[in-house]
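Student: Quick one: the structure is below, questions incoming.
The values are calculated or read from the model by the stated rules, or taken from the named source; none is laboratory data. This is a predicted model, so every value here is computed, not measured. Note: ideal-geometry Cβ built from the backbone for every residue, glycine included; neighbour counts use all protein chains shown. The area values use the complete protein model at the heavy-atom level, side chains included, leaving out ligands, DNA and RNA. Shrake-Rupley method; radii C 1.70, N 1.55, O 1.52, S 1.80 Å.
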Amino acid sequence: LVGAFCFSLIFLYMWGEAKNDYNNFDWYNYGNLGFWFLWSLVLLIVAAILFMYITLLLVLAVCLLAEGQQLYLHWSHKIGTFLVLGFSVTALFILSVLWGDQWKTVRLSFQITAPYLHIGAITLMVLLSWPVALHAIRADKKVVQVIIVGPYLAILLFLFLIPLGMYSPCIREMGTLGPKPALIGHRGAPMLAPENTEMSFQKTIEHGGDGLETDVTISYDGIPFLMHDSTLRRTTNIKEVYPNDTALNAALFSWDTLQELNAGTWFLKDKPFSCMGSLSRAEQTQAMNQSIYKLSNFLHLADSQNKLVIFDLYRPPERHPYRNSWINRTLEVILNESGIRPHLVLWLENDMRSLVQSVAPGFQQTMGSKAPVEDLLMDNIVKLNLAYTEMSSEDIRRYAEANITTNLYVVNEPWLFSLAWCSGAHSVTTDAVHTLKNLSQPLFLMTPQQYNIMWILTDLTSLLLISLIFAL
């Protein structure tokens, strides 16, 4: 029971903190299963139900043992306990193998939740003091009493002192918090509209986003357009229009063919749970009439609204006419066809960076990985675009001292955005501009004095209650 409880608690906490990346999990399953479903939410519900079940069994078991009763589990509960244990261990193992980076998210979450987990752990120790005290008092030998009470007091002392080793960037003095990070819409606003469409970017602008992020590939006849996946299967109706070409690389279609496809109907059909409640009937109609978006039109929209743009540029596959001139063709569109002001472009692609700097010196050169400050300055890098799992307040501060700003992607959850804010990030790429824009200050923000008061009061109150219980 104790083992099943611990493993199910670990998995439930891990999966609860993984909510920021549920879309990636569902997208991975889509790639393997061929249809879209909210498997992440199903897994969370199952984990929560199993945890509540095993917690109830454990509480009943502790109550029975505290009263000196034998613990006779019904055979169905024995099976249930092993099912919870097996499910939790298997799920943790599979996620660790396929999605090991999620443990980095868990470690980051402790910077926010640790003070509150500390209070929860102390509360649990207070509740356990009753059965511990009963067993210790009833024991006939001093040695048995020491064996029972000794580990309990050791754990309690550890919990009392653990805040000395805690660190959270959101525990800081008044007036030391930096400005709120700018919000860059990840493929627009994919929670409100079909990703990488005009409607999606309009939604980002409507909700006050500071920039637009997208993915760019090049059609067979040389027209750069917006598409994240290598194929058109997920985000267009190619199954109905060209059922024999669903596995073909998106870059191998001509622009005229791409214009025939609908890039919005999938959104209402495959993601009804996430979008139906937030869109009016007129917006649903608009979503169903979206087309694949051309890069030049995207840049024109960003320029007209004075929004920063950043994009991943995909090299076309083998036998593509623009296989070796993909960067030149993209530059031609940006500089000659779109009319966008160069300072709005965050240039991320690392290939042929020196050529890009020579023909477009006004671009903000952006790097997608950490590097020594000296190397970044030598390459004229002014911004880093990093996965949020690489978040480090020390690194962000060190780069900022060299006038290199930091953007973190993809940050959707308020707690993670709060941590990025407290850590000094200058901007974040997000699917949730419409929710993060409403945060006026980081969640869990407190001064060291406030935290010390909370810590000391918790320890003193629990110590008093535990002493009273042992005395009684």
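Student: Against the condition surrounded by fewer than 16 Cβ atoms within 10 Å (Cβ to Cβ) and part of a loop (DSSP other than H, G, I, E, B), how does N328 come out, does it pass?
Tutor: No, not satisfied.
Student: Any residue at all in the range 357-367 that is open to solvent by 30 Å² or more (accessible area, probe 1.4 Å), in contact with a helix residue (DSSP H, G or I) (Cβ under 6 Å, 6 or more places away or on another chain) and outside any helix (DSSP H, G or I)?
Tutor: Yes, because at least one residue in the range 357-367 is open to solvent by 30 Å² or more (accessible area, probe 1.4 Å), in contact with a helix residue (DSSP H, G or I) (Cβ under 6 Å, 6 or more places away or on another chain) and outside any helix (DSSP H, G or I).
Student: Which of the residues spanning the range 39-50 are surrounded by 17 or more Cβ atoms within 10 Å (Cβ to Cβ) and within 18 Å of the chain's Cα centre (by Cα)? Write out each step before concluding.
Tutor: We begin by selecting, within the range 39-50, every residue surrounded by 17 or more Cβ atoms within 10 Å (Cβ to Cβ); these are 40, 43-44, 47, 50.
Once the filter is applied, which keeps residues that are surrounded by 17 or more Cβ atoms within 10 Å (Cβ to Cβ) and within 18 Å of the chain's Cα centre (by Cα), the range 39-50 yields S40, L43, L44.
Student: For the range 332-342, name all the residues that are open to solvent by less than 40 Å² (accessible area, probe 1.4 Å) and within 32 Å of the chain's Cα centre (by Cα). Steps first, please.
Tutor: Residues of the range 332-342 open to solvent by less than 40 Å² (accessible area, probe 1.4 Å): 333-334, 338, 340.
If the condition is that a residue be open to solvent by less than 40 Å² (accessible area, probe 1.4 Å) and within 32 Å of the chain's Cα centre (by Cα), then I334, I340 are the ones that fit.
Student: Also, quick follow-up: From the list A133, A189, which residue is within 30 Å of K269 (Cβ to Cβ) and of a type in the set (A, V, I, L, M, F, W, C)?
Tutor: That would be A189, the only listed residue that is within 30 Å of K269 (Cβ to Cβ) and of a type in the set (A, V, I, L, M, F, W, C).
Student: Taking the options V143, V97, V149, name whichever one is open to solvent by 80 Å² or more (accessible area, probe 1.4 Å), β-branched (V, I, T) and closer than 30 Å to F470 by Cβ.
Tutor: The match here is V143.
Student: Sticking with this structure for a sec: Starting from residues that are of a type outside the set (S, T, N, Q) and closer than 18 Å to G188 by Cα, keep the ones in the range 241-269 and report whichever is modelled with the lowest pLDDT. Can you show your working first?
Tutor: Applying the first criterion (of a type outside the set (S, T, N, Q)) to the range 241-269 yields 241-243, 245, 247-248, 250-253, 255-256, 258, 260-261, 263-264, 266-269.
Narrowing the set further to residues that are closer than 18 Å to G188 by Cα leaves 263-264, 266-268.
Details: A263: 96, G264: 94, W266: 90, F267: 89, L268: 85.
Filtering first and then ranking leaves L268.
Student: Then there is this: Find all pairs meeting these conditions: Cβ atoms under 6 angstrom apart; at least six residues apart or on different chains; first residue within the range 434-461 and within 30 Å of F201 (Cβ to Cβ); second residue of a type in the set (G, A, S).
Tutor: Close Cβ pairs satisfying both conditions: K437/G208; P442/S418; L443/S418.
Student: Okay, next question. Going residue by residue through the range 385-407, is there one that turns out to be open to solvent by less than 70 Å² (accessible area, probe 1.4 Å), touching a Cys at 6+ places or on another chain (Cβ under 8 Å), in contact (Cβ under 8 Å) with a residue 60 or more places away in the chain and hydrophobic (A, V, I, L, M, F, W, C)?
Tutor: No, because not a single residue in the range 385-407 is open to solvent by less than 70 Å² (accessible area, probe 1.4 Å), touching a Cys at 6+ places or on another chain (Cβ under 8 Å), in contact (Cβ under 8 Å) with a residue 60 or more places away in the chain and hydrophobic (A, V, I, L, M, F, W, C).
Student: Can you list the helices (runs of 4 or more DSSP H) lying wholly within the range 197-300 that have 2 or more residues being touching a residue at least 60 places away in the same chain (Cβ under 8 Å) and in contact with a Gly (Cβ under 7 Å, 6 or more places away or on another chain)? Lay out the reasoning, then the answer.
Tutor: Values: elements: 198-206, 238-241, 255-259, 265-270, 272-275, 281-287.
In the range 197-300, the matching helices (runs of 4 or more DSSP H) lie at 198-206.
Student: In addition: Would you be able to say whether some residue in the range 309-322 is open to solvent by 20 Å² or more (accessible area, probe 1.4 Å), assigned to a helix (DSSP H, G or I), assigned by the TED database to the domain that holds S296 and free of Cβ contacts under 8 Å to residues at least 40 places away in the same chain?
Tutor: Step one: filter the range 309-322 for residues open to solvent by 20 Å² or more (accessible area, probe 1.4 Å), giving 312, 314-315, 317-319, 321-322.
Next, from what is left, pick out any that are assigned to a helix (DSSP H, G or I): none.
Checked against the condition, which is being open to solvent by 20 Å² or more (accessible area, probe 1.4 Å), assigned to a helix (DSSP H, G or I), assigned by the TED database to the domain that holds S296 and free of Cβ contacts under 8 Å to residues at least 40 places away in the same chain, the range 309-322 yields no hits at all.
Student: All but one of (1) surrounded by 22 or more Cβ atoms within 10 Å (Cβ to Cβ); (2) in contact (Cβ under 8 Å) with a residue 60 or more places away in the chain; (3) in contact with a His (Cβ under 7 Å, 6 or more places away or on another chain) hold for V428; which doesn't?
Tutor: (3)
Student: Taking the range 235-253, which residues are over 12 Å from I292 (Cβ atoms) and polar (S, T, N, Q)?
Tutor: N244, T246, N249
Student: Take I466 and decide whether it is among the β-branched types (V, I, T) and open to solvent by 60 Å² or more (accessible area, probe 1.4 Å).
Tutor: no
Here is a yes/no grid of residues against (1) touching a His at 6+ places or on another chain (Cβ under 8 Å); (2) within 23 Å of Q284 (Cβ to Cβ); (3) at pLDDT 95 or above; (4) among the polar types (S, T, N, Q):
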residue	(1), (2), (3), (4)
M174	no, no, no, no
P181	yes, no, yes, no
I184	no, no, yes, no
R187	yes, yes, yes, no
N196	yes, yes, yes, yes
Q202	no, yes, yes, yes
L212	no, yes, yes, no
S219	no, no, yes, yes
R233	no, yes, no, no
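Student: So, one more: Got at least one residue in the range 282-296 being buried (at least 20 other Cβ atoms within 10 Å of the Cβ), out of contact with any Asp or Glu (no Cβ under 9 Å at 6 or more places or on another chain) and β-branched (V, I, T)? I'd like the intermediate steps shown before the answer.
Tutor: Step one: filter the range 282-296 for residues buried (at least 20 other Cβ atoms within 10 Å of the Cβ), giving 287, 290, 292-295.
From what's left, out of contact with any Asp or Glu (no Cβ under 9 Å at 6 or more places or on another chain): 287, 292, 294.
From the residues that got through so far, the ones that are β-branched (V, I, T) too are 292.
Looking through the range 282-296, at least one residue is buried (at least 20 other Cβ atoms within 10 Å of the Cβ), out of contact with any Asp or Glu (no Cβ under 9 Å at 6 or more places or on another chain) and β-branched (V, I, T).
Student: Kindly list, by first and then second residue, each pair from a residue in the range 11-33 that is in the same structural domain as R233 (by the TED database) to a residue that is not in a helix (DSSP H, G or I), limited to pairs with Cβ atoms under 9 Å and residues at least 6 apart or on different chains.
Tutor: Going by the 9 Å Cβ cut-off, there are no qualifying pairs.
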